[in-house]
């Protein structure tokens, strides 16, 4: 059980690094690696696999640390509306993972990971629509925020696909480490044969 905790903490540290290091590496690297962060998956897996207090401490700690590092780098206030929106989405995903903790199968995690990524994508791009004055007000501006984004930047759907890939890879890695295992492989093999 100790090795699982160590590996889990390592995965969470990797989350902080994946989310923050591209921004500190320079514009080209930041653009190439934008949104590969497995943020939605971290919240989901934290709620699903850890005891509630430990999961909340580790996952929200990782989010808060990485958010502070990013806000400092981009000269943003430590607490800003976008950070609060991210925290609310993160909280919903953590609660969803906690709700699914008795259904810890790879298929459930895959479905929840896809759903969580879509929720994250919709909420964050809708928030961008409301906060970015460059978007035309109305349905067409909101649709632009959800698809092509602003001129001069890669389309938002590209960021969505990057986010989905990061979330699914992280969820799979987390599942492989934390999945329920039978106590005795021989007993399971005997039961299957019988």
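Exposure proxy check: 121, 153 ranked by fewest other beta carbons within 10 Å?
153, 121
Taking the Cα atoms of region 10-116, what is the range of coordinates along each of the three principal axes, in descending order and whole Å?
Taking the Cα atoms of region 10-116, the three principal extents are 41, 26, 24 Å.
Of 97, 138, 116, which has the largest mean-square fluctuation in a 10 Å C-alpha GNM of the chain?
Judging by the Gaussian network model, the answer is 138.
For a quick check: sort 5, 163 by the number of other beta carbons within 10 angstrom, fewest at the front.
5, 163
Taking the Cα atoms of region 77-125, report the difference between the largest and smallest coordinate on each principal axis, in whole Å and largest first.
The principal-axis extents, from largest down, are 39, 19, 11 Å.
As a footprinting exposure proxy, order 147, 59 by other Cβ within 10 Å, with the fewest listed first.
147, 59
Anyone know which of 48, 95, 39 comes out most mobile in the 10 Å Cα GNM of the chain?
Among 48, 95, 39, the largest GNM mean-square fluctuation belongs to 95.
Given springs between every Cα pair under 10 Å in a Gaussian network model of the chain, which of 60, 130, 15 has the largest fluctuation?
Result for the chain, Cα springs under 10 Å: 130 fluctuates most.
Read the figures in this text as sums done on the coordinates, not as results from a lab. Given the structure is predicted, the values throughout are model-derived calculations rather than measurements. Note: ideal-geometry Cβ built from the backbone for every residue, glycine included; neighbour counts use all protein chains shown.
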